[in-house]
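Below: one structure, written as structure tokens.
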Amino acid sequence: MLRLEKLSATDGKQIYDMLQGIQRDDNGFHNTVKDMPYEAFADWLNRDAGYAEGVGLEDWMVPATTYWLFDGDIPVGCGRLRHYLNENLRKDGGHIGYAISAPFRGKRYGTEILRLLLIEADKMGIQEVHIGANRDNERSNKVIRSNGGVLHRETDSKYYYIIHSC
């Protein structure tokens with residue numbers, strides 16, 4: 001059974017190991033845990049948990065919650081949901097980013113993590129979810145369209161979609 005779990009400051013080695021299967025810049029998803037020493041992981045978890053509460057944000061950031069996608073007891077992916085967008089994020093980012101760890105790709109987990117993140121966005125009252133994908137990332141563009149994404153605009157390198165809440 002697939003489910004999302006919010007990041008917790010007590011998450012451990014199983015989550016850390018899953019994150020090692022996601023590149024540092026995985027098609028626009030930033031994974032600063034890749035190649036990080038495990039001893040530094042607890043500090044990263046605490047910092048990221050603070051972001052969900054609006055603590056420790058840099059000027060360009062907005063509150064965002066990180067979730068893990070689990071299949072049974074196995075973490076297979078990571079997703080982030082921004083609580084709202086500022087002008088820069090509306091132009092060059094979006095509400096949702098996600099990545100599936102390399103050993104689990106090609107098994108429809110991307111479609112499911114986005115579906116579940118959209119449910120969380122709806123719970124937050126986000127009526128219009130903005131999400132982008134690199135033009136050359138066919139899988140992610142397909143995942144977004146299969147979850148109701150409607151192309152809103154495009155640049156030379158990215159497609160930007162809007163998904164209206166359930």
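The values are calculated or read from the model by the stated rules, or taken from the named source; none is laboratory data. Quantities reported herein were computed from a predicted structural model and do not represent experimental measurements. Glycine gets a Cβ as well: all are built from the backbone with ideal geometry, and neighbour counts include every protein chain shown. Side chains included, ligands, DNA and RNA excluded: accessible areas come from the protein's heavy atoms. Shrake-Rupley method; radii C 1.70, N 1.55, O 1.52, S 1.80 Å.
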Evaluation of Gly106 against (1) within 28 Å of Asn141 (Cβ to Cβ); (2) open to solvent by less than 30 Å² (accessible area, probe 1.4 Å) (one fails), failing number: (2)
Among the residues of region 116-128, is any farther than 29 Å from Gly50 by Cα, at pLDDT 95 or above and not acidic (Asp, Glu)? no
Could you say which residue among Ala49, Ala42 is surrounded by 12 or more Cβ atoms within 10 Å (Cβ to Cβ) and free of Cβ contacts under 8 Å to residues at least 40 places away in the same chain? Ala42
Would you confirm, using the coordinates I've provided, whether Asp156 is farther than 25 Å from Ser101 by Cβ and in a helix (DSSP H, G or I)? no
From the option list Ile126, Ile163, Ile131, Ile144, single residue qualifying as among the aliphatic types (A, V, I, L, M), free of Cβ contacts under 8 Å to residues at least 60 places away in the same chain, surrounded by 20 or more Cβ atoms within 10 Å (Cβ to Cβ) and in a loop (DSSP other than H, G, I, E, B) is Ile126
Please verify whether Glu58 is open to solvent by 40 Å² or more (accessible area, probe 1.4 Å) and touching a strand residue (DSSP E or B) at 6+ places or on another chain (Cβ under 7 Å), treating the condition exactly as stated. no
Looking at Asn46, Asn31, can you tell me which residue is more than 19 Å from His130 (Cα to Cα) and in contact with a Cys (Cβ under 9 Å, 6 or more places away or on another chain)? Asn31
